[in-house]
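Here is the structure we will look at.
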Amino acid sequence: GYDISKLLGETGNVTLDAGFTNTASCTSAITYIDGGEGILRYRGYPIEQLAESSNFLETSYLLIYGELPTPAQLTDFEDRVREHTMLHEDLKGFFGGFPRDAHPMPVLSSAVSALSTFYQDSLDPFDQEQVEISTIRLLAKLPTIAAYAYKKSIGQPFLYPDNDHSLVENFLRMTFGVPATEYEIDPEIVKAVELLLILHADHEQNCSTSTVRLVGSSHANLFASVSAGINALFGPLHGGANQAVLEMLERIQNAEYSTDEFMKKVKDKEDGVRLMGFGHRVYKNYDPRAAIIKDTAHTILQKTGGGDELLEIAMRLEEIALADDYFVERKLYPNVDFYTGLIYKSMGFPTRMFTVLFALGRLPGWIAQWREMIADPTTKIGRPRQVYTGEGARDYVALNQR
Ligand code: ACO
């Protein structure tokens, strides 16, 4: 109901696109999504093939450098990452300063932000060497930071990385291992975590990635930009969704309400209740990542023997939704997070760590997108316009006359 021409004043032509549903903020050669067809490709490679055959570090290399590595390139990349998994002892000290019940996501973003203070050879985004070493440091250190955030929350001592292990093995060891006891690596669990990380590795201009690019467009360094991305991911409509899904399933399991009562609440939009893990801004068809992960959910839950009842509730919700006009008309299908929380829980991760695992997975995407943006000479500082809807000009009224 506004007279747009009056509201614009001197700003000229401005497009109002709340939530940027139709506005591209950049060009990108990294990730292709066809939401209608349910297609996702990294650098042209279908997600299904990468999920089947790649591992997380190889996929990270692909996203960041644009091509699959040769065997020599992959070995070199793995070696360089392995070299940087340790945290500076003073950075380790940071963890002692947070309350024990702190959510690990703000701990993660704070520690990543602090990397700029420990590695001041990271401050020039146009210095290739600085960008390269910051890339390796981030990939290497984020799993260590994530494991320490968890150890802090349960009051256990930190384990140093053991670089005889792969990045994912090391992360699991530092998370679930205890000092002086050999942590038994389960290859099936490692494979499932690798898969989950690959599925989350990039998703073009989502909220956190757009945040990384926007912050980086002011020429803030990689650590500052990624720290901002972690904070964007913290929100329940984005990375926090996997945690929200599990909490929703547990409420139904604890008989707070039946499945049908819950679905009625969702459809009536009672108190803004949503079927968490359903719907996606881009996918208006089954999220291809959800299709891949659904099978893994069955395999891992069978193996760990945990969460069967929750999986049943999830499958029942999905079954109802896929046959219900409310969801069909709005093209609401399960997204990647509908099943991931169940898998993480059965592996022993507490709910609060789920979004941290999402961040570990999304990291190579953030890095690749930030590097692409910085390397593009047409990049300008991100600065959206607005349509002003406030008061017209009026005179100040003295305090004693109000
Ligand atoms: N449950 C019930 N209704 C929903 C849901 C849902 N999960 N998602 C969307 N809708 C409804 C909306 O109420 C709206 O209905 P209306 O047309 O009657 O007003 C319609 O579907 C369109 O929804 P929007 O919110 O406009 O869609 P948008 O693209 O802005 O939102 C989002 C996408 C945020 C993912 C949304 O579907 C949602 O909140 N889902 C639940 C949270 C979630 O799972 N997030 C994870 C996203 S994936 C990721 O980050 C990896």
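Give the residue list of GluC sites (Glu not before Pro) in the stretch 170-223 that are DSSP loop and have at most 14 other beta-carbon atoms within 10 angstrom. Listed in order of number, the matching sites are Glu182, Glu184.
Ranked for footprinting exposure by Cβ neighbours inside 10 Å, fewest first, Asp308, Asp337, Asp260 give Asp260, Asp308, Asp337.
In square nanometres, what is one fourth of the surface area of the convex hull spanned by the alpha carbons of the stretch 234-306?
6.1
Calculate the length of the line joining the C-alpha centroid of the stretch 85-157 to that of the stretch 364-402, in whole Å. Going from one Cα centre to the other spans 29 Å. Annotation note: trypsin sites (Lys or Arg not before Pro) in the stretch 23-109 located in DSSP loop regions with a Cβ neighbour count of at most 13 within 10 Å are Arg100. Pairwise Cα distances in the stretch 81-232 exceed 27 Å in 24 percent of cases.
Looking at the stretch 243-304, none of the chymotrypsin sites (Phe, Trp or Tyr not before Pro) sits in a DSSP loop with at most 12 other Cβ atoms within 10 Å of its own Cβ. With contributions of -39500 (n - 2.57) from each DSSP H run of at least four residues, the per-residue ellipticity at 222 nm computed over the chain stands at -17500 deg cm²/dmol. Between the alpha-carbon centres of the stretch 267-308 and the stretch 25-65 there is a gap of 21 Å.
Since every read-out is calculated from the coordinates, none of them should be taken as a lab result. As the structure is a computational prediction, the values presented were derived from the model and not from experiment. FYI the Cβ positions are ideal-geometry reconstructions off the backbone, even for glycines, and counts take in every protein chain you see.
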